[in-house]
Amino acid sequence: MEQTYFRRGFGLKGRIEGALTADYHSHVVDRIREHGYVLALGDLTFKLAGEFGFCYGVDRAVEYAYETRTKFPDKRIFLVGEIIHNPHVNLKLRAMGVTFLERPDGAELELSGVTPDDVVILPAFGVTVRDFERLRAIGCVLVDTTCGSVLNVWKRVESYAKDGFTAIIHGKSYHEETKATSSQVTKYTGPLPRSTGHGAGTGRVRLHRVSGEQGAVSAELRRQGVARLRPGSRPRSGGGRESDDHAVG
């Protein structure tokens with residue numbers, strides 16, 4: 001049976017390395033590095049961080065997308081949303097003939113044009129359980145670039161839902177990664193509750209739109225005694241926690 005799901009690359013890094021270097025190498029950055037990460041031009045001084053760039057998950061996703069185009073030169077290739085939120089990267093993928101699948105406001109991902117003969121790339125943020133099931137039902141080739149760190153969070157949320165706990169997600173309720181993460185509870189609890197703003201949602205997932213300092217939000221949740229309670233443990237009166245409680249995160 002032909003393989004239609006790929007997560008570990010195609011072993012084509014050597015063949016795409018030249019294209020990646022051409023698309024993302026910077027002679028300006030090289031020059032600043034050569035001058036001790038500082039470049040002075042008249043009254044203007046540029047300082048470059050010693051370590052910067054894409055994280056491992058993003059690097060992997062971009063490489064995998066380039067490998068996909070090389071692996072399937074004659075197939076139509078689609079991408080769910082954006083591979084990452086970087087206009088330059090997404091523009092390069094469009095130039096390579098990758099078609100972006102959009103989700104209309106309040107509607108499901110538009111998949112009417114996708115056929116079993118096509119290839120669909122899943123972005124670094126991942127996709128919802130529902131979208132993944134719909135794509136698998138089509139029978140197209142899926143190239144999954146979901147970041148490993150994102151998958152680890154999914155496992156925790158799924159584990160909490162399985163055990164009957166609530167997961168609180170700090171982030172933008174409309175972001176792809178938030179939607180994909182919160183959808184993991186539907187494997188155990190049915191349809192996902194809708195988010196209607198700050199602190200909205202009922203059931204096993206609450207989506208909190210974060211504004212201001214992340215630390216302040218975390219401190220507020222701790223003050224309210226938000227925690228993952230082990231079976232048999234109980235919150236103390238006044239919002240405190242027993243010593244064997246585990247904060248959600």
Give Gly171, Gly139, Gly164 a once-over and let me know the one that is over 19 Å from the mean Cα position of the chain (by Cα), surrounded by fewer than 18 Cβ atoms within 10 Å (Cβ to Cβ) and over 28 Å from Pro116 (Cα atoms).
Gly164
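For every residue, the table says whether it meets (1) surrounded by 10 or more Cβ atoms within 10 Å (Cβ to Cβ); (2) in the same structural domain as Ala65 (by TED's automatic domain parsing).
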{"site": "Gly9", "(1), (2)": "yes, yes"}
{"site": "Ser26", "(1), (2)": "no, no"}
{"site": "Ile32", "(1), (2)": "yes, no"}
{"site": "Leu41", "(1), (2)": "no, no"}
Restricting to the stretch 64-97, and then to whatever is more than 19 Å from the chain's Cα centre (by Cα) and surrounded by 17 or more Cβ atoms within 10 Å (Cβ to Cβ), can you tell me which residue is nearest to Cys147 (Cα to Cα)?
Glu67
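Residues are listed down the side, and each one gets a yes or a no for (1) in contact with a helix residue (DSSP H, G or I) (Cβ under 9 Å, 6 or more places away or on another chain); (2) over 14 Å from Met96 (Cα atoms):
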{"position": "His25", "(1), (2)": "no, yes"}
{"position": "Arg33", "(1), (2)": "no, yes"}
{"position": "Gly36", "(1), (2)": "no, yes"}
{"position": "Ala49", "(1), (2)": "no, yes"}
{"position": "Gly57", "(1), (2)": "yes, yes"}
{"position": "Arg60", "(1), (2)": "yes, yes"}
{"position": "Glu63", "(1), (2)": "yes, no"}
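Of all residues being touching a strand residue (DSSP E or B) at 6+ places or on another chain (Cβ under 8 Å) and hydrophobic (A, V, I, L, M, F, W, C) in the stretch 79-95, which is modelled with the lowest pLDDT? Just the residue, please.
Initially, the stretch 79-95 is screened for residues touching a strand residue (DSSP E or B) at 6+ places or on another chain (Cβ under 8 Å), giving 79-83, 90, 93-94.
Remaining after also requiring hydrophobic (A, V, I, L, M, F, W, C): 79-80, 83, 93.
On the way: Leu79: 97, Val80: 96, Ile83: 89, Leu93: 95.
Only one residue tops the list, namely Ile83.
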Please go through the stretch 8-26 and pick out each residue that is closer than 20 Å to Ala95 by Cβ and either among the hydroxyl-bearing types (Ser, Thr, Tyr) or modelled with pLDDT of 90 or more (or both).
Leu12, Arg15, Ile16, Glu17, Gly18, Ala19, Thr21, Tyr24, Ser26
Residue identified as farther than 22 Å from Tyr24 by Cβ and touching a Pro at 6+ places or on another chain (Cβ under 8 Å) among Gly113, Gly164, Gly139
Gly139
Filtering helices (runs of 4 or more DSSP H) wholly in the stretch 118-195 for at least 3 residues that are closer than 23 Å to Arg69 by Cα and not β-branched (Val, Ile, Thr) gives 129-138
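Table: residues versus (1) assigned to a helix (DSSP H, G or I); (2) among the aromatic types (Phe, Trp, Tyr); (3) assigned by TED's automatic domain parsing to the domain that holds Gly11.
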residue: Lys75; (1), (2), (3): no, no, yes
residue: Phe78; (1), (2), (3): no, yes, yes
residue: His85; (1), (2), (3): no, no, yes
residue: Asn90; (1), (2), (3): yes, no, yes
residue: Arg94; (1), (2), (3): yes, no, yes
residue: Thr99; (1), (2), (3): no, no, yes
residue: Leu109; (1), (2), (3): no, no, yes
residue: Ser112; (1), (2), (3): no, no, yes
Can you find even one residue in the stretch 126-136 that is of a type outside the set (Asp, Glu), at pLDDT 95 or above, more than 29 Å from Phe54 (Cα to Cα) and in the same structural domain as Phe10 (by TED's automatic domain parsing)?
yes
Restricting to the stretch 56-73, name every residue that is outside any helix (DSSP H, G or I) and without any contact (Cβ under 8 Å) to a residue 24 or more places away in the chain.
Pro73
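The values are calculated or read from the model by the stated rules, or taken from the named source; none is laboratory data. What you are looking at is a predicted structure, and each value in this text was computed from that prediction instead of being measured. As a convention, Cβ positions derive from the backbone with ideal geometry for all residues, glycine included, and neighbour counts pool all protein chains shown.
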